[in-house]
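A.B. asks: This is the structure I have questions about; it appears just below.
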Amino acid sequence: MKNNNLRIPGPVPLPQETLALMSTQMINHRGLEYAQMLDQMTKNLRTVLMTRSDAYFITASGTGGMETAIVNTTSPGDKILSISTGLFGERFREISNAYGCETIKIDFEYGEFADPDKIKLVLKNHADIKAVLITHNESSTGVKNPLQEICNVIRENSEALILVDAVSSAAGSIISTDAWGIDVVATASQKSWVAPPGIAMVTFSENAWKAYEKSQCPKYYYDISQYEKYLKLGQPPFTPALTTMFALQNSLHKMIGEGIENIFQRHADIAKYTRDLVRNIGLELLPQKNYASDTVTAVKLPANIDGKKIINTIYRDYGIDLGGGQQKLAGKIVRIGHMGWVDKKDISDAISALKETLLQDSLIV
Ligand code: PMP
């Protein structure tokens, strides 16, 4: 391995100071120190997600956060509008189907954004939709959906709850949870929060709590009322991933110090830098113009290239780990992650490696 430049869309490389924090001693998760840490982290999380709503840390991956959103607000048989722009939109739908919800689907092609006008039409035809599932940043295609516009359309045409998979956008792209009327935001520690995997974070609005009272989905570990009850005691309901919490505490502290507008600008800048370099080496982007992600760039590969082999070749020759295409995009794209604290050099090295590797005869099919 050469320089281990991890450029997948999460987990992200961690700074040395975070790695050091992760090797500190365990603490009593029902003690004073944990209570103080949880209190400060909850405040900071609400600041980054721009909400006065409740916010919780759950020991789980991002998918656990998405499941938390569904099991606490819906009931089997509920009509749910599931908007999908890729693999993770499909996953959100699968979770609601697993709990017996009746999903109405809007599917956009991989690479397209979720068009608010199309969503509006469906909402007008189904007055009884209880919740809308939307992926903010579709990591499988590098598309950032226009979440604010989508929320506006939902708020203007429906009473439905808005449940957002913000796993790969939060802390990288702006999410104005309260101002946009979002009921549940779900995100995860290993993405722009620059911590290891292990902690999902969710917000829960007043309307989400009203829906909770009626929700009939079976639940135990993800029952949000347990997290609420224990938060008042300064505790988690179950033993938390302490090491990840230590790292996340540091990230949240640094984010507040930097200022959230600066964080979003920094992500927008590195995303643009990445896209410019990609175009400079003659490659095209998968997302439609103006809908490219702030946290991951999806690049189309030339048709004559063995797109499955290229990832391993770049890793072998340069120690740079790019993301591949998933499912129908397997072999057709590469994805370059740029969430968290990213140096321009990490990006330019990755794109130079891509350019040089594309010239290798062994990759031409
Ligand atoms: N949604 C999105 C948009 C994601 O990028 C991911 C992770 N790649 C997930 C959901 C699932 O998160 P996890 O793997 O942490 O369960």
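A.B. asks: In Å and whole numbers, how far do the C-alpha atoms of the chain stretch along each principal axis, longest first?
C.D. replies: 61, 55, 33
A.B. asks: While we're here: Please find the FRET efficiency linking D128 to E213, where r is the Cβ-Cβ separation and R0 is fixed at 25 Å, and quote it to the nearest 0.05. Don't skip to the answer; put the middle values down first.
C.D. replies: Details: r = 19 Å, r/R0 = 0.74.
Approximately 0.85, to the nearest 0.05.
A.B. asks: How high is the FRET efficiency between Q25 and S176 when r is their beta carbon distance and R₀ equals 45 Å, given to the nearest 0.05?
C.D. replies: Computed FRET efficiency for Q25 and S176 comes out at 0.70.
A.B. asks: Convex hull volume of the Cα atoms in region 279-323, per residue, in Å³?
C.D. replies: Taking the convex hull of the Cα positions in region 279-323, it is 100 Å³ per residue.
A.B. asks: Next up: Multiply the residue gap between E356 and R316 by 0.36 nm, knock off their C-alpha separation, and tell me the result in nm, one decimal place.
C.D. replies: Extra length from E356 to R316 when fully extended: 13.1 nm.
A.B. asks: With charges only on Cβ, +1 for K and R and -1 for D and E, what is the dipole size of region 162-222 about its Cα centre, in debye, rounded to 20? Provide the component values of the computation, followed by the final result.
C.D. replies: Working: 4 positive and 5 negative charges, 34 e Å.
Here the size comes out at about 160 debye.
A.B. asks: Express in Å², to the nearest 10, the accessible area of L231 obtained by rolling a 1.4 Å probe over the protein heavy atoms while all chains stay in place.
C.D. replies: Solvent-accessible area, nearest 10 Å²: 50 Å².
A.B. asks: Between the DSSP loop rule and a limit of at most 12 other Cβ atoms within 10 Å, which trypsin sites (Lys or Arg not before Pro) in region 260-312 are left?
C.D. replies: Counting only loop positions with at most 12 other Cβ atoms within 10 Å, the trypsin sites (Lys or Arg not before Pro) in region 260-312 are K289.
A.B. asks: Evaluate the distance, in nm, between pseudo-label points positioned 7 Å from the Cα of Q326 and of I281 along their respective Cα→Cβ axes.
C.D. replies: Inter-label distance under the simple model: 2.3 nm.
A.B. asks: Between A98 and R155, how high is the FRET efficiency from 1/(1 + (r/R0)^6) when r is the Cβ-Cβ distance and R₀ = 22 Å? Nearest 0.05. It would help to have the intermediate numbers written out before the result.
C.D. replies: Working: r = 28 Å, r/R0 = 1.25.
Between A98 and R155 the formula returns 0.20.
A.B. asks: Per 0.36 nm of contour for each residue apart, how much would the distance between D343 and Q40 grow if the chain were fully extended, relative to their Cα-Cα spacing?
C.D. replies: Full-extension gain reported as 106.2 nm.
A.B. asks: Listed here are the pairs K124/K219; K124/K210; K43/K300; K43/K124; K254/K344; K191/K328; which of them are more than 29 Å apart at the Cα?
C.D. replies: K124/K219; K43/K300; K43/K124
A.B. asks: Still on this structure, please answer the following. Find which of L252, I104, P116 sits farthest along the positive direction of the dipole of the chain, computed with +1 on the beta-carbon of Lys and Arg, -1 on that of Asp and Glu, about the Cα centre.
C.D. replies: L252
A.B. asks: Considering only DSSP beta bridges where both residues belong to region 16-257, give the percentage that are antiparallel (nearest 5). Please list the in-between numbers first.
C.D. replies: Working: 11 of 29 bridges.
So the antiparallel bridges in region 16-257 amount to around 40 percent.
A.B. asks: Take T239 and S75, extend 7 Å from each Cα along the Cα→Cβ direction, and tell me the distance between the two endpoints in nm.
C.D. replies: Label-label distance for T239 and S75, simple model: 3.7 nm.
A.B. asks: May I pose another question? In debye, nearest 20: dipole of the chain around its Cα centre with unit charges on the Cβ of K, R (+) and D, E (-)?
C.D. replies: 300
A.B. asks: Explain nothing, just the number: relative contact order of the chain, from Cα pairs under 8 Å at least 6 residues apart, as a whole percent.
C.D. replies: Rounded, it is 24 percent for the chain.
A.B. asks: Tell me, what are the semi-axes, in whole angstrom and largest first, of the equivalent ellipsoid of region 1-68 as set by the roots of 5 times the Cα gyration tensor eigenvalues?
C.D. replies: Largest first, region 1-68 gives 26, 19, 13 Å.
The values are calculated or read from the model by the stated rules, or taken from the named source; none is laboratory data. These figures come from a predicted structure and were not determined experimentally. Neighbour counts are summed over all protein chains in view; Cβ atoms, including those assigned to glycine, are modelled from backbone coordinates with ideal geometry. Remember, those area values only see protein heavy atoms, side chains included, never the ligands or the DNA or RNA. Shrake-Rupley method; radii C 1.70, N 1.55, O 1.52, S 1.80 Å.
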